[in-house]
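Contents: one structure, followed by commentary.
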Amino acid sequence: MRGVIMHAPGDVRVEDREDPTIIEPTDAIVRLTATCICGSDLWPYRGIEPVDRTLMGHEYVGVIEEIGSEVKTVKVGDFVVGSFVISDNTCEICQDGFQSKCVHASFVAGGIGTQAQMARIPYADGTLVATPGQPDADLIPSLLAASDVLGTGWFAADAAQAGPGKTVAVVGDGAVGLMAILAAKQLGAERIIAMSRHKDRQELARFYGATDIVEERGDEGVAKIKELTNGLGAHSVVEAVGTQESFMQAIGATRGGGHLGYVGVNYDVKVPGIELFFAGIHTLGGPAPVRRYLPHLIQLIWDRRIDPGKVFDLTLPLEEAAAGYKAMDERRATKVLLTLS
């Protein structure tokens with residue numbers, strides 16, 4: 001099969017890889033229908049994460065070709081959506097809704113790599129969710145978004161306690177931030193403030209439910225949020241970038257007693273303890289337990305109540321993955337979908 005391998009920062013190649021096979025009785029082999037490039041894939045691309053012939057990709061949808069003898073909840077021929085973190089969905093932590101911290105958790109990126117034609121998914125019963133039937137072609141981008149970016153944005157909004165009567169501020173206008181806006185709207189938020197400087201992303205933010213746009217950043221961004229909220233700050237804030245400035249901006253924009261949901265991969269972010277102490281806010285974040293939300297998100301998509309697939313603004317064949325990485329790195333694309341033949 002063909003798959004994306006990152007040899008070194010900026011060095012993305014599509015090469016032949018061995019076809020996956022069943023190893024454990026809980027495995028499933030999925031022939032992928034679509035995959036994509038994530039913003040977090042840019043960390044190794046830019047040399048911030050170590051990379052050395054790394055198998056790339058962690059977002060995936062496709063059809064099950066083979067299952068192990070112990071797989072019970074999905075079957076050959078099912079169209080499935082999978083989480084970007086492997087989980088058994090039965091351990092105590094999974095049962096508490098944090099499948100991304102399962103006792104058997106492992107990341108799909110690196111070890112499996114789903115920017116490829118096929119993938120072996122361990123703990124298939126706990127990681128994969130079948131759709132109600134074979135999806136129409138136009139639903140596939142949205143179902144693919146559920147594999148990570150939608151589920152991550154949903155977790156961020158949920159962690160921030162977005163809901164009726166709440167003002168939500170979203171720091172970051174990338175794919176995850178846009179999905180957090182969609183989620184906040186679905187969760188019933190009264191007001192959603194998107195922090196964005198890019199006109200095309202502002203338009204998509206409004207499509208997904210943003211009521212206000214704030215272009216200022218840093219201290220000026222915090223001041224603007226407070227100006228819009230009678231000096232109090234937002235009830236709910238999503239941090240979807242992962243830089244020092246964005247994280248401190250998110251803390252500053254959260255009102256006393258409010259909730260901050262952070263899902264930006266925050267390399268080198270250092271939060272002064274005294275500032276967090278006196279902020280007096282709730283914080284929750286980390287790798288999103290996408291598996292918790294998948295059944296609900298799949299049904300919303302299936303019923304055409306949400307359209308997260310609009311977040312993909314560039315579609316390329318798998319063989320042109322290197323061009324997709326370059327486009328995202330240069331901010332010419334928000335999120336790239338890779339098609340598979």
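The values are calculated or read from the model by the stated rules, or taken from the named source; none is laboratory data. It should be emphasised that the depicted structure is a prediction, and the values quoted were computed from it without experimental measurement. No Cβ is skipped: glycine too gets one built from the backbone with ideal geometry, and neighbour counts run over all protein chains shown. Surface areas here come from the heavy atoms of the whole protein model, side chains and all, with no ligands, DNA or RNA. Shrake-Rupley method; radii C 1.70, N 1.55, O 1.52, S 1.80 Å.
Things to note:
- Counted residues, the range 85-104 - those being surrounded by fewer than 22 Cβ atoms within 10 Å (Cβ to Cβ) and over 16 Å from LYS72 (Cα atoms): 10
- Residues that are buried (at least 24 other Cβ atoms within 10 Å of the Cβ) and either under 16 Å from VAL311 (Cα atoms) or of a type in the set (Ser, Thr, Tyr) (or both), drawn from the range 185-200: ALA194, SER196
- Evaluation of MET56 against (1) over 26 Å from VAL311 (Cβ atoms); (2) touching a Gly at 6+ places or on another chain (Cβ under 8 Å) (one fails), failing number: (1)
- Beta carbons closer than 8 Å, at least 6 apart along the sequence or on distinct chains, pair a first residue in the range 205-219 that is more than 22 Å from ILE251 (Cβ to Cβ) with a second that is part of a strand (DSSP E or B) for ARG206/ALA194; ARG206/ILE213; GLY209/ALA189; GLY209/ILE192; THR211/ARG191; THR211/ILE192; THR211/ILE193.
- Residue in the range 253-263 that is assigned to a helix (DSSP H, G or I) and among the β-branched types (Val, Ile, Thr) present: no
- Pairs meeting the criteria (first residue in the range 310-331 and in a strand (DSSP E or B), second residue polar (S, T, N, Q) and at pLDDT 95 or above, beta carbons under 6 Å, at least 6 apart or on different chains) are PRO317/THR339.
To keep it simple, each residue is scored yes or no on (1) out of contact with any strand residue (DSSP E or B) (no Cβ under 6 Å at 6 or more places or on another chain); (2) modelled with pLDDT of 95 or more.
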residue: HIS259; (1), (2): no, yes
residue: VAL271; (1), (2): yes, no
residue: HIS282; (1), (2): no, yes
residue: GLY285; (1), (2): no, yes
residue: VAL290; (1), (2): yes, yes
residue: LEU294; (1), (2): no, yes
residue: GLN299; (1), (2): yes, yes
residue: PRO308; (1), (2): yes, yes
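- Hey, VAL129 part of a strand (DSSP E or B), among the aliphatic types (A, V, I, L, M), more than 16 Å from the chain's Cα centre (by Cα) and within 26 Å of GLY177 (Cβ to Cβ) or not: yes
- In the range 124-142, residue nearest to TYR208 (Cα to Cα) [restricted to those that are hydroxyl-bearing (Ser, Thr, Tyr) and surrounded by 24 or more Cβ atoms within 10 Å (Cβ to Cβ)]: SER142
- Flag set for VAL265, criterion: within 25 Å of LEU297 (Cα to Cα), at pLDDT below 95, in contact with a helix residue (DSSP H, G or I) (Cβ under 9 Å, 6 or more places away or on another chain) and among the β-branched types (Val, Ile, Thr).
- Per-region count, the range 322-331, residues under 19 Å from the mean Cα position of the chain (by Cα) and aliphatic (A, V, I, L, M): 2
- If you go through the range 73-84 and keep only what is touching a strand residue (DSSP E or B) at 6+ places or on another chain (Cβ under 7 Å), among the β-branched types (Val, Ile, Thr) and open to solvent by 40 Å² or more (accessible area, probe 1.4 Å), you end up with just VAL76.
- All of VAL238, VAL176, VAL214 fail the test of being of a type in the set (A, V, I, L, M, F, W, C), open to solvent by less than 50 Å² (accessible area, probe 1.4 Å) and out of contact with any strand residue (DSSP E or B) (no Cβ under 8 Å at 6 or more places or on another chain), apart from VAL176.
- The range 19-72 - residue that is closer than 14 Å to ILE112 by Cα and hydroxyl-bearing (Ser, Thr, Tyr) and, of those, most open to solvent (accessible area, probe 1.4 Å): THR21
- Within the range 264-288, residues that are within 26 Å of PRO50 (Cα to Cα) sit with their Cβ atoms under 9 Å from residues that are assigned to a helix (DSSP H, G or I) and open to solvent by 50 Å² or more (accessible area, probe 1.4 Å), at 6+ positions apart or across chains, in these pairs: ASN266/GLN244; ASP268/GLN244; VAL269/GLN244; LYS270/GLN244; VAL271/GLN244; GLY286/LYS101; PRO287/LYS101.
- Qualifying residue in the range 145-158 (condition: of a type in the set (Asp, Glu) and either under 19 Å from VAL241 (Cα atoms) or in contact with a Ser or Thr (Cβ under 9 Å, 6 or more places away or on another chain) (or both)): yes
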